[in-house]
Amino acid sequence: MLRTAYGRGMIQALPSPEAVLDRDCEQRSASGYLDAVQARPSHRVMIFQRGKTLIRGQEILFFESAAAAAKLSADVLTIYLGKTLPGHHQHLPAGTDIVLKVLADDADPSAWASEGTSWAGYREAAALLSGPDAAIFIQAQAVANWHQSHRFCPRCGSATELLWAGWMRRCTLDASEHFPRTDPAVIVAIVGADERILLANNFAWEPHRYSTVAGFVEAGESAEQAARREIFEEVGVHLHSTHYIGSQAWPFPRSLMLGFIAHTDDVDAVPDNTEVREARWFGRAELQAAVLSGEAIISQRLSIARELIERWYGGPIRDRGEDVAGSAVAGGLS
């Protein structure tokens, strides 16, 4: 575990959360495995369309196999996600197989919704879901996004067919095999010599939302090199040290976020005016006051961006309208 002297405490690596699902990586490549899973009445179905799934209360709505089969066409995209591990899901028994069904974009979503349910994307749902359901959502969205962009062979343009229970596509012409890819990206909490944090506002967000700076790792580049390059390109400061904290899968589109706390001696930040609209320094008390007043909105909990900000802060940051006890319970990544 990384421990480095830092500000008000110590930098520690993120805890490594255990997997929620056994993905059966060795077994799922066997011929007929997906059919065998779907023949088990105990399996559950997660419905997905246009980046959204059905939520009931604070949980993903997993359909019983018979109820889902009655509404689904035979040609719907089907992916085996895995089986629940003992003690890792609060509502599904250990060993429950979960199958993802991705509806066509033009399918009628109202056929699936019922009283008390709603369609939600990950960004809306993450504030409600438990850690296990959030992890399942991320996995589902990442692999669904990959299928959407790999219906045709990148080598010859021919159609691809789905194999390995949804975890491989093979070209129907040249037989080349293609697997879901993960794109590494860096995400950095920038700390100045005066212990203030530099947060950025992106043009894609509302004007008062602030977060850490992130960007993709390029070919032939280390994560640390990418962090230094991205930070200089987007907010114009030079990093003199970077400390790796941990990672988080992120489904937009299918990324692995590599989190760093980094330090700079620069005091003037210059937004690139392409991605970043504004870069602003915050002291600890200043950031908490800005969040409580609504002057600033920061990344939501269950995101690595929030975890990095709260590592710098020294504990949970209270959101607007949240009492002290509530923030203490909800703070940080599980």
Scoring only Lys, Arg, Asp and Glu (+1, +1, -1, -1) among other residues with Cβ under 13 Å from the Cβ of His43 yields 0
Rounded to the nearest 10 degrees, what's the angle between the helix 131-149 long axis and the longest principal axis of the chain, both from Cα atoms, 0 to 90? 70
Are there cysteines in the chain with no other Cys C-beta under 4.7 Å, and if so, which? Cys25, Cys156
Along Cα→Cβ, 7 Å out, is where each label goes; now give me the distance between the ones at Ser222 and Ser241 in nm to one decimal. 1.6
Expressed as an acute angle from 0 to 90° and rounded to the nearest 10, what is the orientation of the C-alpha long axis of helix 304-313 relative to the principal long axis of the chain? 30
What spacing in nm lies between the two simple spin-label points modelled at Ala127 and Ala36, each 7 Å away from Cα in the Cβ direction? 4.4
Residue (of Phe282, Ile197, Val217) at the positive-pole extreme of the chain, dipole from beta-carbon charges: Val217
For Gln12 and Gln300, compute 0.36 nm times the residue count separating them, minus their Cα-Cα distance, and round to one decimal in nm. 101.6 nm
Relative contact order computed over the chain (Cα-Cα under 8 Å; 6+ residues apart), in percent: 15
Where does the chain land at 222 nm, in deg cm²/dmol rounded to the nearest 500, when only DSSP H runs of n ≥ 4 count, each adding -39500 (n - 2.57), divided by all residues? -6500 deg cm²/dmol
To the nearest 10 degrees, how steeply does helix 223-235 sit against the main Cα axis of the chain, on a 0 to 90 scale? 60
Please compute one quarter of the surface area of the Cα convex hull for the stretch 39-82 and express it in square nanometres. 3.8
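The numbers here are math on the coordinates, done by the rules we state, and not lab data. If you're wondering where the values come from, they're calculated on a predicted model, not measured in any experiment. Glycine also receives a Cβ, built like all others from the backbone with ideal geometry; neighbour counts cover every protein chain displayed.
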